[in-house]
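See below for the structure under consideration.
Bear in mind these aren't lab numbers, they're just calculated from the coordinates by the rules spelled out. Model, not experiment: these values are computed from the prediction. Don't worry about glycine lacking a Cβ; one is built from the backbone with ideal geometry, like all the others, and counts go over all protein chains shown.
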Amino acid sequence: MPVTARKTARPRKQPVWKQVDTPRSLSATTGMQHGHITPPKPGEEINVSFIDKDGEKWDFQVSEGDNLLDIAQANDLEMEGACGGSCACSTCHVIVEDPDMFDKMEEPSDDENDMLDLAFGLTETSRLGCQVLMSKELDGMVVRLPSMTRNLQASDFQAKK
Amino acid sequence: MSLRTPYVCARCTVRASRSLRPVILSHFRSQRRNVSQTVQTDRPFRVAIVGSGPAGFYAAYRLLGKVENAVVDMYEKLPVPFGLARYGVAPDHPEVKNCEDKFTEVAASPRFNFIGNVELGGTLPLRLLKPHYDAILFAYGAPKDKRLGIQGEDALRSVYSAREFVGWYNGLPEHRDLNPDLTAGEDAVIIGQGNVALDVARILLSDVDRLRQTDIADYALEALSSSKINRVRVVGRRGPLQASFTIKEVRELLQLPSVSFDPIPRDLLPPDDVVSALPRAQKRLIQLLAKGSNNDPSTATKSWSLDFLLSPECLNWSPVFPHRLSHVRFARNELDPADPFSASAKVTPKYLSSGKPAKVNIPANTFFRSVGYKGLPLPGLEDLGVPFDESRGVIPNDGFGRVTVPPSSEAGSRDILPDGSLISHLPGLYCAGWVKRGPTGVIATTMTDAFSTADAIAADVAQSGGALLNPSNERTGLGWDGVRAEAERLGVRATSWEDWERIDRAERERGSQRNKPREKFGRVEQMLGVL
């Protein structure tokens, strides 16, 4: 029996400016569709939860093979994929809450680790959302979106030599 | 006003030390006063963004999402958008340019206007904008590069700035006519060990047929296919732990087919126990450098090396062919023996036992300097009272992107920074990206930084109601519509987003004829010619 979601998935929400406006034209160069996920078949739902930057937890039921970046974007969580999910930036950095769950996952590739090295707030259980594909083994996984802001330090105001 | 999260003034989130408590309390009190003077939200909040690179676009994206009545006019010097995403990111890194998809999405908002082909501070004086906007955000980047200050640097042949070379192969009109001579000889030397230096090395070492599938300029392909360069040295004045390149760019170079890498001398790399105690990113980088490349030098057609602890002193030309660069003389350096493995370790000149400074000559027929970009003040900043920090190449700001001036000035409101220094804010004036924090970091860094500036603007709007740059009774609220007539009188012929879409289609069309994703127009007249 599927676990009851503590909070149901929010419907796809558009950015604020899209809600209030109608885009005047569809660009000829519209990029690839981000946030595309497949609705899970009954009985094959995989549970995944995100803790957002405000500490709120969001539970979703997703299909095998969906990646965390697409899941987050399809549900309008605040996660950027600057490179479009091609493992060429670090903007979709997530932190796996449970180290045991992290160990169950496939090892990140060198390319993914190279990008993670540039991520803000890197931890031992950090991954790039675009590189984590959901599977049955990862049912119940909880990931946290790291805060991208950093505290100001006095050194920010000193002239660098 | 709909802000997605409860707003906590960014200035108040700085860790409050005991000594700052009174300041922060008074700041909260002043906020309470201001909040009570509420404000109309029906009129548009007009923002001019200067520059259309990642900093400008990410700030626009965040601002349009956070401030419902914000209308953004984005001014760009060129007829086309995207700044360094288009002209700085290497052509063989198309995935990094995917951020342009997001920018294109942002531009589809009816609250966004692209105003291209307008050189603010050039044809169009900056001060003409002021009455028509509620905020101006500077996001124009770092338009120049740092110099070495060595003899021979100004030679017209064989000596190039990496920034210009990158602009040239990426189709930037400003450097369309650089025409670098890549046939002078086999040896190239690049001074500097950042990612721009590695981009230049990779373009010089890559198989041209691989580059043909990218959007690299056609004329650059032609020059690269006749290049004689087969040996590239990337030279830094400090050691491996102080280099500023990132691991992805090193790995790519190490994996280039038929290109070998000179192993780094063991004594330059820290001992194993030091390596294992390094922070993760540095540890992985040093391990990769120690491992080097699997490519066999005996079958490789080209080679490269990272050379450390060398400062260039002068360029030397061949005595037989005076136009031919022959070698570069370097002074050897050594790392501070007290702390050789810290990222901020200093170097001092190395001396021989005879007491003479140690020197070395390295063969070089083509020379690139790549020691960083440099911000410049936009002409006319002073008309708005905006200062410029020449030594850092940035607009002074409070770390969140609010432009600041010394507290002695009459303008602005006083504030105390965490280090205890007094500053004043200039209301309605902001900066983001490289002109805010200096020319370092990847697109993700600029995104975070631009978001923080947009958040600061949203916070200031929430607090003041939007009359930031001009008092309520002095603002026209017209934006570009208020500027346009004067701009046209001055001879400005602005391009719109639809114009860019036409240029974009034409470039893709030119590309498809050459089996490339795009063939850029290298000249502004060519761009305007398709409109």
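Rounded to the nearest 0.05, what FRET efficiency is calculated for B:Ile362 and B:Arg505 with R0 set to 35 Å and r the Cβ-Cβ distance?
0.15
What fraction of the Cα pairs in the stretch B:130-177, stated in percent, has a spacing above 16 angstrom?
Working: 655 of 1128 pairs.
Taking all Cα-Cα pairs of the stretch B:130-177, the fraction more than 16 Å apart is 58 percent.
Please report, in cubic angstrom per residue, the volume enclosed by the convex hull of the alpha-carbon atoms of chain B.
Working: hull volume 97.5 nm³, N = 531.
Once divided by residue count, the hull of chain B is 184 Å³.
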(request) Starting from the Cα of B:Lys283, step 7 Å along the direction of its Cβ; do the same at B:Glu488; then give the gap between the two resulting points in nm. (result) 6.4
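Test of understanding: what is the full-extension gain from B:Thr440 to B:Glu153, defined as 0.36 nm times their sequence separation minus their Cα-Cα distance? The partial results should precede the final answer.
Numbers: separation 287, 0.36 × 287 = 103.32 nm, distance 2.37 nm.
Full-extension gain reported as 101.0 nm.
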(message) If I take every Cα pair under 8 Å that is 6 or more residues apart in chain B, average their sequence separation and divide by the length, what percent do I get for the relative contact order?
(response) 22
(request) For each of B:His425, B:His327, count neighbouring Cβ atoms within 10 Å of the residue's Cβ, then give the residues from fewest to most. (result) B:His327, B:His425
(message) Order these by the 10 Å Cβ neighbour count, fewest first: B:Lys516, B:Lys436.
(response) B:Lys516, B:Lys436
(message) Using the basic label-point model (7 angstrom from Cα toward the beta carbon), what is the A:Leu133 to B:Ser226 distance in nanometres?
(response) 4.8
(request) Please find the FRET efficiency linking B:Leu531 to B:Trp317, where r is the Cβ-Cβ separation and R0 is fixed at 41 Å, and quote it to the nearest 0.05. (result) 0.35
(message) Let me see the P(r) profile for the stretch A:35-147: every Cα-Cα distance counted, bins of 10 Å, each bin given as a percent of all pairs.
(response) 15, 52, 30, 2
(message) Under a crude label model (7 Å from the Cα following the beta-carbon direction), how far is B:Val274 from A:Asp76 in nanometres?
(response) 5.3
(message) Counting only helical runs of four or more DSSP H residues, what would the 222 nm mean residue ellipticity of chain B come to if each run contributes -39,500 (n - 2.57) and the total is spread over all its residues?
(response) -9000 deg cm²/dmol
(request) Give me the angle, in degrees from 0 to 90, between the Cα long axis of helix B:497-513 and the longest principal axis of the Cα atoms of chain B, rounded to the nearest 10. (result) 20
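How big is the Rg/Rh ratio for the stretch B:147-372, C-alpha atoms only, Rh by Kirkwood, two decimals? Present the calculation step by step, with values, prior to reporting the outcome.
Numbers: Rg = 17.7 Å, Rh = 18.3 Å.
Radius of gyration relative to Kirkwood radius: 0.97.
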(message) Students often get this wrong: which residues of the stretch B:434-478 have the backbone nitrogen under 13 Å from the point 7 angstrom along Cα-to-C-beta of B:Ala343?
(response) B:441-442
(message) As a footprinting exposure proxy, order B:Tyr140, B:Tyr373, B:Tyr219 by other Cβ within 10 Å, with the fewest listed first.
(response) B:Tyr219, B:Tyr373, B:Tyr140
(message) Angle check, please: helix B:21-36 long axis (alpha carbons) against the longest principal axis of chain B (alpha carbons), in degrees 0 to 90, nearest 10.
(response) 50
